[in-house]
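Note sheet for the following structure.
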Amino acid sequence: MNPQTLFYILIAIIIIKFLFDTYINALNSKHFKDAIPEELKGIYNDNEYLKSQKYKIENYKFSLISSLFSVITTLLFFFLDGFKFVDELARSISNNTIVITLVFFGIIFLASDILSLPFSYYKTFVIEEKFGFNKTSIKTFVLDKLKGWLMLLIVGGGLMAIITWFYELTTTNFWLYTWGVITVFTLFLNLFYSKLIVPIFNKQKPLEDGELRNEIEKFAEKIGFKLDNIFVIDGSKRSTKANAYFSGFGSQKRITLFDTLINDLDTNEIVAVLAHEVGHYKRKHIIYNLILSIGITGLTLYILSLLVGNLTLSQALGVQNPSFHIGLIAFVILYSPISEITNLFMNALSRKFEFQADNYAKENFNPEDLISSLKKLSKNSLSNLTPSNLYVKIHYSHPTLLQRILNLKK
Ligand SMILES: [Zn+2]
């Protein structure tokens, strides 16, 4: 294939993806004012429902403008030979392949992050603020950015350096070594995420003694589950929205509750949420997800290894000598339709897991408290009660509130 043709294939993929996403979002927006289903009546009063519609419309318009901006800057970058420019810049700094790769991705990342900065500022301090969700101070916002960059520099930069080095050393087999390193890193991160990463951004402390802790312990005893690692995190530092999650496995397993969740729900409702999280663990969802994501990574890396050294890939982006970093960029775009399909599959699986976790809570605690907690959480985050079916299939990692309630009442 000649480089020119490949260039236009890449452009076509970017444009088609943008048009498709825009179409699905527009389709979803057609349902913003649908009547609320019978089962969900009473979550919002008329005023709150109106407010939730305004929130949906505002977010929809915002995503339309930000994705339009992003696709236009991406296309400009392609047509103005941006990759060639950054490649030459990186090569002027060093002759070392690893340094060139790091500088190249560093510049691309920093430029795109700075371009998206006004959008994330607007989202947090204008939209979320207007609807009463935002608790982030300017200081936290700036610190989050700096910490994020520093972490990416160390972790992302470190991984990228190792991968480039493997490629230099082994070329065709590099995918195997890379797969090994990423697998070890993924397992490590899964085990120690709460201990190492979370404290950089949040304060967390063990759940205090009291009624809630007693009820949780009573429940844990009933199902025969060792549950001594329950932590409360200061989610209220950034937003009023509430959450809870399970992380780690083996001796490192722990449940994290947002302080906002404890504020919003009563004791039984929190135990119900916890029962749902324990359900994920008991049904081995954490392990399945890990195995699956490791498998997909291996397959992707294998296909990458077949293509990345191809000269056409580099030439399509205006760079005359085959180089790993340019090949990687072209590959990511070329591969994106396939990763869309894997995402579709992963979301479907995740929704299935959510039903299983709900069923676990239903069988081992009770469905009523979970239903009322889900309703409260939806109300407090002004969530969309009437999403379009296609939108749910593509983007939702959880079933809709209606689907979950119907399942819990079954
Ligand atoms: Zn869940």
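The values are calculated or read from the model by the stated rules, or taken from the named source; none is laboratory data. The model shown is predicted, which means the values in this text are computed figures rather than measured ones. Don't worry about glycine lacking a Cβ; one is built from the backbone with ideal geometry, like all the others, and counts go over all protein chains shown. The accessibility values were calculated without ligands, DNA or RNA, using every heavy atom of the protein model including side chains. Shrake-Rupley method; radii C 1.70, N 1.55, O 1.52, S 1.80 Å.
Couple of notes before you dig in:
- Within the chain: Cβ-based charge dipole about Cα centre, in debye rounded to nearest 20 (Lys, Arg +1; Asp, Glu -1): 240
- Accessible area per residue in Å² at 1.4 Å probe, computed on segment 109-223: 62
- All other residues whose Cβ lies under 14 angstrom from that of Ser137 are scored, Lys and Arg at +1 and Asp and Glu at -1, for a net of +1.
- Summed residue charge, Cβ within 14 Å of Ser388's Cβ, Lys/Arg positive, Asp/Glu negative: +2
- Ordering Phe258, Leu401, Thr172 by Cα displacement along the dipole of the chain toward the positive end leaves Leu401 in first place; charges were set at the Cβ atoms of Lys, Arg (+1) and Asp, Glu (-1).
- Full extension of the chain between Asp234 and Ile127 yields a length gain of 36.4 nm, computed as 0.36 nm times the residue separation minus the alpha carbon distance.
- Packing-based ranking, highest mean first, of 262-269, 321-328 given that Cβ atoms within 10 Å are counted: 321-328, 262-269
- Relative to the longest principal axis of the Cα atoms of the chain, the long axis of helix 97-122 lies at roughly 40 degrees.
- Cβ-derived FRET efficiency at R0 22 Å, Tyr302 paired with Met1, nearest 0.05: 0.60
- Loop GluC sites (Glu not before Pro), segment 157-213, which have at most 15 other Cβ atoms in a 10 Å radius of their Cβ (DSSP): Glu208
- Here's the list of aspartates and glutamates a cross-link from Lys203 could span, going by alpha-carbon distance under 13 Å and ignoring same-chain residues fewer than 8 apart: Asp234, Asp259.
- Nearest-ten-degree value, helix 267-282 long axis tilted from longest Cα axis of the chain: 50
- Protection proxy ranking of 72-83, 245-256, by the mean of other Cβ atoms within 10 Å over each peptide's residues and highest first, is 245-256, 72-83.
- Directionally averaged shadow of segment 261-309, computed from the convex hull of its alpha-carbon atoms, nm²: 5.2
- Measuring r between the beta carbons of Asn364 and Asn310 and using R0 = 60 Å, the FRET efficiency lands at 0.65.
- Label positions at Leu290 and Asn263, each projected 7 Å from the Cα along the C-beta direction, are separated by 3.4 nm.
- Dipole of the chain [Lys/Arg +1, Asp/Glu -1 at C-beta], most positive-end residue of Tyr8, Thr140, Asn347: Asn347
- For segment 242-334, a simple Cβ point-charge model (Lys and Arg +1, Asp and Glu -1, everything else neutral) yields a dipole of about 460 debye relative to the Cα centre.
- Placing R0 at 25 angstrom, the Cβ-Cβ distance between Leu115 and Leu50 gives a FRET efficiency of 0.15 after rounding to 0.05.
- Charged side chains reduced to their Cβ positions (Lys and Arg at +1, Asp and Glu at -1) give segment 287-410 a dipole of some 420 debye around its Cα centre.
- Rg over Rh for the chain works out to 0.98, both radii taken from alpha-carbon positions and Rh defined as the Kirkwood radius.
- q = 0.22, 0.33 Å⁻¹, segment 362-404: log10 I(q)/I(0) [Debye, one scatterer per Cα]: -0.80, -1.17
- Where both bridge residues fall in the chain, DSSP classifies roughly 65% of the beta bridges as antiparallel.
- Model label sites at Phe20 and Leu146, defined 7 Å from Cα along the beta-carbon direction, differ in position by 4.1 nm.
- The count of lysine pairs in segment 318-410 whose Cα atoms are under 15 Å apart, excluding pairs fewer than 8 places apart on the same chain, comes to 4.
- Mean ellipticity per residue at 222 nm, deg cm²/dmol - from DSSP H runs of n ≥ 4 across the chain, formula -39500 (n - 2.57): -23000 deg cm²/dmol
- Label-point gap, in nm, between Glu38 and Thr186 - each point 7 angstrom along Cα→Cβ: 4.5
- For the residues Tyr396, Tyr177, a 1.4 Å probe over the protein chains yields an accessible-area ranking, largest first, of Tyr177, Tyr396.
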